[in-house]
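Student: Here it is, the structure in full.
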Amino acid sequence: MGDDSEWMKLPIDQKCEHKVWKARLNGYEEALKLFQKIEDEKSPEWGKYLGLIKKFVTESNAVAQLKGLEAALAFIENAHVAGKTTGEVVSGVVTKVFNQPKARAKELGMDICLMYIEIEKAEVVQDELLKGLDNKNPKIVVACIETLRKALSEFGSKIVTLKPVVKILPKQFESREKAVRDEAKLLAVEIYKWIRDALRPPLQNINSVQLKELEEEWVKLPSSPPKQTRFLRSQQDLKAKFEQQQAQGDQSDGDEEEETAAVVDPYDLLEPVEILSKMPKDFDEKIEAKKWQERKEALEAIEALTKNPKLENGDYGDLVRSLKKVVGKDANVMLVSLAAKCLAGLASGLRKKFGTYAGQVVPTILEKFKEKKPQVVQALQEAIDAIFLTTTLQNLSEDILGVMDNKNPSIKQQASLFLARSFRHCTQATLPKSVLKPLCAALVKQVNDSAPEVRDAAFEALGTAMKVVGEKAVNPFLADLDKLKLDKIKECSDKVELSGGKKGSAGGGAAVDKKSAARAPPAAEAPSKSSAPPKKTQTAAASKPSAGPPKKGKAGGKTKKTSDCKELSETELSAEVCEELAAGVLPASCLQQLDSANWKERLASMEEFQRAVETMDKAVMPCQALVRMLAKKPGWKETNFQ
């Protein structure tokens, strides 16, 4: 008792540091009462305990530690200076609390982390929790993941920064500890609630069984976005609104709900990949080679690299120039399509960093729209749409105006369709009168063009512009048009669905971005019928590779499908070119045995042919060449029914 009487007389702060655990326990109890009594958050009394709070949470005695954690929580909640202790205290919680066997200790540790977030220290808390994931003790890892999940669930994705969390998530699925994997799964489900499909690309390489389990859980989630239920000190107005909504039976309107969930771009969650050093060393030689197979090999290597959804910045000037040259001058349409895909990949992977190259390639792509082959048109559309998202319409307007008077109707049509798709991503601010006026003047001229597909495309572009900036802004540029044409433009405007908008008819002929959710929203999805050809032609080219489509073009001149059918026509290739193109996409053994005297070899070859076609990219399938190869060998007079 003599010893007890000694420390009983000490001030509270000294008791908290005493070597006797009972003294510390008493100190924590008294500190808790004191912290709850102090009304002034800026009282000088708080300063005495600044250096002690970490010791409160790292207390070695399990009984005293619980009381120390309670006192620390009261300090963080009430003291104005508490934010200064965030890093050291959360670090102490991670290493000395999350490993404790008592559930109450872990619970208080989590409450401390969440209270620091409430007092505006989310970033520091998150950093310490992420460091804890490298700890060798699985109990600590599980608790850190659980705390991150709880923080996201309560504060939402606007407060908890998801990029670093998503970055470490795949690693947790590889853990040997089932408890860690299970908690990672719960975190992935919680993240999905907030960002939906943006989470898919970062998790695409985890174990297929785990991914399937996640998919099953994701499907069960409600479609409405979650709400923030706990608020920062600076968000008291939101807190009051939330409490009012709760009192009214949570009947908030959909718009407010949508505002709660932060819009996350999948691109922001990805790590950039450096590809320039991975290019084939002989790329420059191969891309200039006389044999088209060597040029194809070089382009395929680049295409594989540009499929990475986020690319590291660097000097892509030489590569862009090489691809531009292929697009503009190569006679092989398959290689033109490949080069266009590479450009689309670079633009999508670099985004705004590609903007410096946009002016170099856009004129070449626009001129190349004279090529009518569906696979080429679609690849060019994908490329120019991806490039548009890296720059502004103002920067490209001169190049577009430069082809609006072109004699080739396909070029004029595709330029107008490109404008229509681009307008959909504009706002009144990004589509000022100075940019709109010359473009509208060129489009008005095309409304009177002799080619119906050019007229339809111009109507669509003008209708989209009207949807974006309003009738009042566009009408002055349409003064020379008669009522029928004005009505047609308004009709197109009503059907338009703006980027991220809800109204309008879904368009057909958009170039679809193939980098899935990891890409920016596709710029190519056009809003109305006149841009449908590329989509139709892709299907037609894949399913009817015979000479059927051109005949259709001759027959149907009365409807709008005239322009679609014109898209389907293509020049007849020579037998040598057909053989060369077929050889480029089919196994060598397949071609050699198609005209074998042994019917079993012919049958095996045909089966191989079928498998190759079924797995082939439809956009680059040389349909005419393949059909004419079949006509030649085994030929239509083949007698074996199989």
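Student: Do we find a residue being open to solvent by 10 Å² or more (accessible area, probe 1.4 Å) and modelled with pLDDT under 95 anywhere in segment 337-346?
Tutor: So far as segment 337-346 goes, no, none of its residues is open to solvent by 10 Å² or more (accessible area, probe 1.4 Å) and modelled with pLDDT under 95.
Student: For Ile387, work out the one condition from (1) crowded, with 17+ Cβ neighbours inside 10 Å; (2) touching a Lys or Arg at 6+ places or on another chain (Cβ under 7 Å) it doesn't fulfil.
Tutor: (2)
Student: Is there a residue in segment 357-373 that is of a type in the set (Gly, Ala, Ser), touching a residue at least 60 places away in the same chain (Cβ under 8 Å) and farther than 19 Å from Asn406 by Cβ?
Tutor: Checked segment 357-373: no residue is of a type in the set (Gly, Ala, Ser), touching a residue at least 60 places away in the same chain (Cβ under 8 Å) and farther than 19 Å from Asn406 by Cβ.
Student: So Lys502 clears everything in (1) modelled with pLDDT under 90; (2) basic (Lys, Arg); (3) in contact with a helix residue (DSSP H, G or I) (Cβ under 8 Å, 6 or more places away or on another chain) except one condition, right? Which one?
Tutor: Evaluating Lys502 over (1) modelled with pLDDT under 90; (2) basic (Lys, Arg); (3) in contact with a helix residue (DSSP H, G or I) (Cβ under 8 Å, 6 or more places away or on another chain) leaves (3) as the failure.
Student: Within segment 584-592, identify whether any single residue is assigned to a loop (DSSP other than H, G, I, E, B) and either surrounded by 20 or more Cβ atoms within 10 Å (Cβ to Cβ) or modelled with pLDDT of 70 or more (or both), and answer yes or no.
Tutor: Of the residues in segment 584-592, the ones assigned to a loop (DSSP other than H, G, I, E, B) are 586-587.
In the following step, the residues that additionally are either surrounded by 20 or more Cβ atoms within 10 Å (Cβ to Cβ) or modelled with pLDDT of 70 or more (or both) were identified as 586-587.
Yes, some residue in segment 584-592 is assigned to a loop (DSSP other than H, G, I, E, B) and either surrounded by 20 or more Cβ atoms within 10 Å (Cβ to Cβ) or modelled with pLDDT of 70 or more (or both).
Student: Considering each residue of segment 182-240, count those that are assigned to a helix (DSSP H, G or I), farther than 18 Å from Thr147 by Cβ and open to solvent by 50 Å² or more (accessible area, probe 1.4 Å), and give that number.
Tutor: Keep residues of segment 182-240 that are assigned to a helix (DSSP H, G or I), which gives 182-199, 201-203, 208-220, 233-240.
After this cut, where a residue has to be farther than 18 Å from Thr147 by Cβ as well, the list is 192, 195-199, 201-203, 208-220, 233-240.
Cutting the leftovers down to open to solvent by 50 Å² or more (accessible area, probe 1.4 Å) gives us 196-197, 208-209, 212-213, 215-217, 219-220, 233-234, 236-240.
So the answer is 18.
Student: In addition: Taking Pro44 as meeting all but one of (1) free of Cβ contacts under 8 Å to residues at least 24 places away in the same chain; (2) closer than 26 Å to Ile159 by Cα, write down the number of the exception.
Tutor: Going through the list (1) free of Cβ contacts under 8 Å to residues at least 24 places away in the same chain; (2) closer than 26 Å to Ile159 by Cα, Pro44 breaks only (2).
Student: Right, another one. Counting only residues that are closer than 22 Å to Leu417 by Cβ, give me the helices (runs of 4 or more DSSP H) lying completely in segment 274-372 with at least 3 of them. First the steps, then the outcome.
Tutor: Values: elements: 283-287, 292-306, 317-329, 333-350, 355-368.
Here the list reads 317-329, 333-350, 355-368.
Student: Among the numbered conditions (1) assigned to a helix (DSSP H, G or I); (2) farther than 20 Å from Ala72 by Cα; (3) without any contact (Cβ under 8 Å) to a residue 40 or more places away in the chain; (4) open to solvent by 20 Å² or more (accessible area, probe 1.4 Å), tell me where Ser175 comes up short.
Tutor: It fails just one condition, (1).
Student: Listed residues Glu120, Glu128; which is in contact with a Leu (Cβ under 6 Å, 6 or more places away or on another chain) and over 23 Å from Lys212 (Cβ atoms)? Steps first, please.
Tutor: Details: Glu128 fails: in contact with a Leu (Cβ under 6 Å, 6 or more places away or on another chain).
Just one listed residue meets the conditions, Glu120.
Student: Anything in segment 577-616 that is touching a Leu at 6+ places or on another chain (Cβ under 8 Å) and polar (S, T, N, Q)? List them, or say none.
Tutor: Scanning segment 577-616 gives a single hit, Ser605.
Student: Checking Leu350 against (1) touching a strand residue (DSSP E or B) at 6+ places or on another chain (Cβ under 7 Å); (2) without any contact (Cβ under 8 Å) to a residue 12 or more places away in the chain, which single condition isn't satisfied?
Tutor: All conditions pass for Leu350, except number (2).
Student: Does any residue in segment 125-152 that is farther than 21 Å from Gly83 by Cβ and β-branched (Val, Ile, Thr) come within less than 6 Å, Cβ to Cβ, of a residue that is open to solvent by less than 30 Å² (accessible area, probe 1.4 Å) and outside any helix (DSSP H, G or I) six or more places away or on a different chain, and which pairs are these?
Tutor: Ile140/Phe98; Val141/Leu133
Student: Taking segment 81-104 on its own, how many of its residues are of a type outside the set (S, T, N, Q) and surrounded by 22 or more Cβ atoms within 10 Å (Cβ to Cβ)?
Tutor: Counting residues in segment 81-104 that are of a type outside the set (S, T, N, Q) and surrounded by 22 or more Cβ atoms within 10 Å (Cβ to Cβ) gives 8.
Student: When segment 254-273 is examined, which residues are found to be modelled with pLDDT of 50 or more, out of contact with any Pro (no Cβ under 6 Å at 6 or more places or on another chain) and in a helix (DSSP H, G or I)? Outline the logic, then answer.
Tutor: Here is the first cut: in segment 254-273, the ones modelled with pLDDT of 50 or more are 261-273.
If we keep only those that are out of contact with any Pro (no Cβ under 6 Å at 6 or more places or on another chain) as well, we get 262-265, 267-268, 271-273.
Within segment 254-273, Tyr267, Asp268 meet the criteria.
Student: Please work out if Glu638 is in a helix (DSSP H, G or I) and open to solvent by 40 Å² or more (accessible area, probe 1.4 Å). So that I can check it myself, show each step before the final result.
Tutor: Details: in a helix (DSSP H, G or I): no; open to solvent by 40 Å² or more (accessible area, probe 1.4 Å): yes.
Judged against the criteria, Glu638 is not a match.
The values are calculated or read from the model by the stated rules, or taken from the named source; none is laboratory data. Computed from a prediction, not measured in an experiment: that's the story for all the values here. Counting neighbours? That spans all protein chains shown, and the Cβs are built from the backbone with ideal geometry, glycine included. What goes into the accessible areas is simple: the full protein's heavy atoms, side chains included, and nothing from ligands, DNA or RNA. Shrake-Rupley method; radii C 1.70, N 1.55, O 1.52, S 1.80 Å.
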